[in-house]
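The values are calculated or read from the model by the stated rules, or taken from the named source; none is laboratory data. If you're wondering where the values come from, they're calculated on a predicted model, not measured in any experiment. Methodologically, a virtual Cβ is constructed for each residue, glycine included, from the backbone with ideal geometry; neighbour enumeration extends over all protein chains shown. Keep in mind that these areas ignore ligands, DNA and RNA; they rest on the heavy atoms of the full protein, side chains included. Shrake-Rupley method; radii C 1.70, N 1.55, O 1.52, S 1.80 Å.
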Amino acid sequence: MSSNKGEHQTVPLSVLLKRELANEKVERPEIVSGQANQSKKGEDFTLIKSECQRVLGDGVTTYSVFGVLDGHNGAAAAIYTKENLLNNVLSAIPPDLNREEWIAALPRALVAGFVKTDKDFQEKGQLSGTTVTFVIIEGFIVTVASVGDSRCILESADGSLYYLSADHRFEDNEEETERVTASGGEVGRLNTGGGTQIGPLRCWPGGLCLSRSIGDLDVGEFIVPVPYVKQVKLSSAGGRLIIASDGVWDALSAEAALECSRGLPPDAAAGQIVKEAVLPKGLRDDTTCMVVDILPAEKINPPVPQPKKKGVFKVKAMFRKKSTESTSQIEEYLVPDVVEELVEEGSARLSERLETKYPLCNMFKLFTCAVCQVEMKPGEGISVHSGSSSNTRHSRPWDGPFLCISCQEKREAMEGKTHSRNRRYSSGSE
């Protein structure tokens, strides 16, 4: 099969892990984190779970979890998500997987976990909502799932900048605006009368300026909890993550956040970033920052990138270009000291996000709902592809994975095919 020079590709996970095993000196990184916060409304929350253990067939492995949640219209959604999201994600991963399978299952499990958390919280009838930026680190592999406008950025050991999350603000995302309006939402600015419109683009009713979140019962199901997911593998030199709420990113660029905290340990770095964000205009919003250093096991100091001119950053594309020369797959991936992308998925459609390359009979129970994990009797499940107009690999309505009736209703509401029952509207906004 021929390819164009500018065509992009991801690196197969199996290639990276086999290359890792071939290195006799492979060690798990040291994870060091710090956080800082200045509170205006008390609606920002963080999640840190380091050294979580997972039992494998031949031993025990560890992973770490970090999250920033920026609530609005109250703190209930952020608190509920902090307490339940991780368990919902882990419940969506089949047991007894080896490391490669577990990492490969994460993107789908994150989608299921986010949607289940949103569905369960909305059933409580509360109207608050929250953004979520959720990070799982397993070895040198980083998986980020995000809804809303909190962000995660990465600076690799050589000083290159990578964006690991996506903004879901209507103002900055035309594709999301088109999706919401096609599903029945109305997007526009606040009308003050006489044809005068002010402020950012918002979804009405409700007035939310985000197209994706968890909660927000008063806006509409087309404000979906389906996360953007990016999974990357760092080189053995590691790197630094900055995860922060919009209180930081509304005031600082990614480059400015990295520059002001360079050379500082995570705690001090997070504090400096928050200080710089609040300094120009004072504390206008909850401002939260988390800094996570991923370091070689023997390295105790934060990574110091190679010297470069002040203010000059290299912003690299996450994909490596295909070589125009005829080479084998192994030869194409001989250079290990770069950040390599494994997965990037952003579709809001469950039919596109809940697919898997693994056989359903082996990876995911055929008669278990792909979202809420409830067991179903044969014939009860509804294919996630049922009624789907998207051109997915599985387009037949009898192909799995399957949803229970409740989660199928949720899916149809998110895609604008039905309206949720007992939907309440308000004119409040965040």
Of the residues in region 35-61 that are among the polar types (S, T, N, Q) and free of Cβ contacts under 8 Å to residues at least 60 places away in the same chain, the one that is least open to solvent (accessible area, probe 1.4 Å) is 50
Quick check: is even one residue across region 279-286 over 19 Å from residue 133 (Cβ atoms), acidic (Asp, Glu) and open to solvent by less than 10 Å² (accessible area, probe 1.4 Å)? no
For region 221-267, the count of residues that are within 20 Å of residue 65 (Cβ to Cβ) and either out of contact with any Gly (no Cβ under 8 Å at 6 or more places or on another chain) or assigned to a loop (DSSP other than H, G, I, E, B) (or both) equals 15
Can you tell me how many residues in region 276-296 are more than 16 Å from residue 68 (Cβ to Cβ) and either polar (S, T, N, Q) or under 26 Å from the mean Cα position of the chain (by Cα) (or both)? 7
If we ask which residues in region 198-220 are surrounded by fewer than 24 Cβ atoms within 10 Å (Cβ to Cβ) and assigned to a strand (DSSP E or B), their number turns out to be 6
Of the residues in region 82-122 that are under 27 Å from residue 71 (Cβ atoms) and acidic (Asp, Glu), the one that is surrounded by the most Cβ atoms within 10 Å (Cβ to Cβ) is 118
